[in-house]
Structures are given as structure tokens and as C-alpha cells.
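Remarks on the structure that follows.
The values are calculated or read from the model by the stated rules, or taken from the named source; none is laboratory data. In this text the structure is predicted, and so the values were computed from the model without any measurement. Reconstructed Cβ throughout: ideal geometry from the backbone, glycine too, with neighbour counts over all protein chains shown.
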Amino acid sequence: MVEFRMPSLGSDMEAGTLVEWLVKPGDLVKRGDIVAVIETQKGAIEIETFQPGQIEQILVNPHSKVPVGTPLALIRAEREAKPGAPGAAPPPTAPTPPAAPVPPSPARAPVAPPSPRVLGAAVRARVSPAARRLAEERGIDLSMVTGSGPAGAITYADVERRLGEAVAPPERKRPLWLDLDAMRTAIAAAMERSKREIPHYYLEHQVDVTACEQWLTQKNAMLPPDNRVLIGALAIKAAALAARRFPAFNGFYRDNKFEPAQAVHIGVAIAIRGGGLAAPALHDADQLSLDELMSQMRDLVQRTRAGRIRSSEISDPTLTVSSLGTRGVEALYGIIYPPQVAIIGFGKTVARPWVIDGAIGPRSVITVTLSADHRVSDGHAGALFLAEIGKLLQEPSKL
């Protein structure tokens, strides 16, 4: 038996209010299933379970406020699942004696040809790994997807197209638990602690992104409007790849020591209408293709603004990226969100005179800033880190 506990959704969280259970005793759950909604000062968070098995007992009733670490439910592990439970493997049965031979029928009905759907399923068995992963994440039946690749193979774009066509089942309507005043109070408290305890240093680097813009224009010309890639996706991918090379900016400072993270989970600062702010994570951002990253960014922004952030997205960002370029800001200097050790800022793209091969010409330039923790890194390392981000942005085809 495993205890499902109130998770910690940040170093500043001490307790949470259980708003709603999405499962009941006897339900089977798998890793990553959303089982409850918890309300904190950051808003309503959808809580996932990472223990597959069967819900044995609910220990805390809705609307109860309990400290972090409090057992909320008991989960019976898969190997302990009760016989006869929904989805449990049936008990072994005794072998059935062979049936008596049946005389052949005098006439046989003609065999119907296989249905087009069966034939289509066989043809469409060729699916790219990225397309299969997206279909699994979004619950898309691949037998209903028309492949546009070689020999009818299903591509990532085919699954995205089907996502746009599919009519989603009606989703349970839940109130939007977003107390923006409480959220701003929590943000202010975290930033006050950060400025008080973390010795920040700040760096700025201007990057010529003309080649980046030209490459995006060519790429997006072949994509429908809903699938086009924004420069923000390239900025996040460049930051993630640079963080993988410079691990001193990707991790946590806890108990007076730095803990480098094993993965790169980029927290994306998202403004919530009304004045709130959240920075949920894009998991393994360094390993995503640009199309995958852009798709996940859109989904993350939509769910965050609808108050549907998941616990795994809010609790484990290893490095935060913030951008106010769409608001016309040329540069921003962020405050580190503890226990992280750095935050990267991207401003808007502006046209500036630039020297190229000894001649001055107009170029598209973006200002990239770094706020970092001096207990973990210094200006020299920060300069190399920013230079790596700039280099990657000038080689967009390698992202």
C-alpha cells in the first residue's frame, strides 16, 4: 500500500486545500493520471499520481486544508490489485475440454472483404515516433488519422491536424479557482525572499537574430497558421540547450549547497489575465523538436490561463525564461525564483544598425539578459552562458 500525499508545489508552500477528487475508491490509476485538484496561493493545481495501482481509500475530504506531506489517499500497487477489480487481470480458469467435432456445413457463405478501416489501420501502422507520442498524450486514435508521409505514414503534422479537427468530449466544468490577490501576495513574498537571500548578479547580451527571422519565415510559409513556430520557441530551445552545456545555471540551491538538475525543465513565465503570473515547466525542453516545443507551449499557455496547471509542471522547473517582447519591452531583468539559481529574460526584436564584414547595415537585434545566483556561478560563467544562447539563436537550423 502506498500513501498519496499532499505534494510540495514550491519551497514557499506549507499547506494546500483539497478542492476536488477526480477519482473514487476502486478506480484504477496509471502514472501521470490527474487524481485531484489542490488550491494554493498560486491557484488551483491539478495533482498527478506517479504510483500506478488502485485507489484503496480516500483519507481527506474536499475543502480540507492540510499541511504538505499529509496522506490524502491510499493506493494499492498494481501487483496488489484486488481480484475482480475493474481492469484487474481475471483469475486463471481450468482448461476447457476439447469440443466434439462439428460436421462441415454443406454451403459456405462468401467471405466479406476486409473493411476499409481495417485496411487503413494496416497501412497506417507506419507512424513516426513523435506522432505516436503526441497521439498518446492527446488521446488521438491513430486509426482515424490520415497519413501524408511516404506510403501513407503518419507524421507529427498529421496528428496535429487531427487534433484541430477532432471534437473534444465535453469536459467536466469546474469553477476557476484563481484568487489573484492571493497569487500576487505569494509572488511578492517569494520575490522578497529571493532579493533578501540570493546575491543576484545581472548580465546583458545583444544578439543579431536576422538569420533566425529569415529561417522562421521560410519554415512558417509551409505551415498552417495554427502550427507556425514563434521566435519564443527558438529562444526557449536555445536556453535549454545552453543550460545543458552549462549546468551551473540549471538546478537548485538548497541546504547551503547547489544541486545540479539531471534534466532541463524550462519554466515559462505566463501572464494570467487580471494580474496573476505563473511559470510552469516545459519538461525536457532540450530534447523537444521545435514543432513539439511550440505545440506544448500553446497547450501550456491555454491551460495555465484557464487555471489548469498540473502539479508536475509547477513544482519542478529547473530554470525560468521570461519574455516581455510582445509587450514592447526591449530588456527585462528578472528576479530568481528560489530554489532556482537563474532566470533568463528576452526582450522584443528591434531594428538596429549593425557592423557586418566592416559595413554598417540594419539588423534585427534582441536583448538577452541573465539574473544569476553568485553563490553558484560568477560573471565569467554567465557571460559564456549568454554567448552560447546567442550563438544558438544565430544558427536556427541546428535547433
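Filtered by the rule that a residue be more than 21 Å from residue 27 (Cα to Cα) and part of a strand (DSSP E or B), the stretch 46-73 gives 64, 65, 66, 67. Look at (1) at pLDDT below 90; (2) among the basic types (Lys, Arg); (3) loosely packed, with under 12 Cβ neighbours inside 10 Å and you find that residue 184 fails only one, number (3). The residues in the stretch 22-42 that are closer than 20 Å to residue 315 by Cα and not in a loop (DSSP other than H, G, I, E, B) can be counted, and the count is 7.
Inspection of the stretch 275-297 finds a residue satisfying the criterion of being more than 18 Å from the chain's Cα centre (by Cα) and either among the aromatic types (Phe, Trp, Tyr) or over 29 Å from residue 258 (Cα atoms) (or both). Of all residues in the stretch 285-298, none are assigned by TED's automatic domain parsing to the domain that holds residue 223 and part of a strand (DSSP E or B). Residue 323 meets all of the listed conditions (1) farther than 24 Å from residue 364 by Cβ; (2) over 16 Å from the mean Cα position of the chain (by Cα); (3) of a type in the set (Ser, Thr, Tyr) but one, namely (1).
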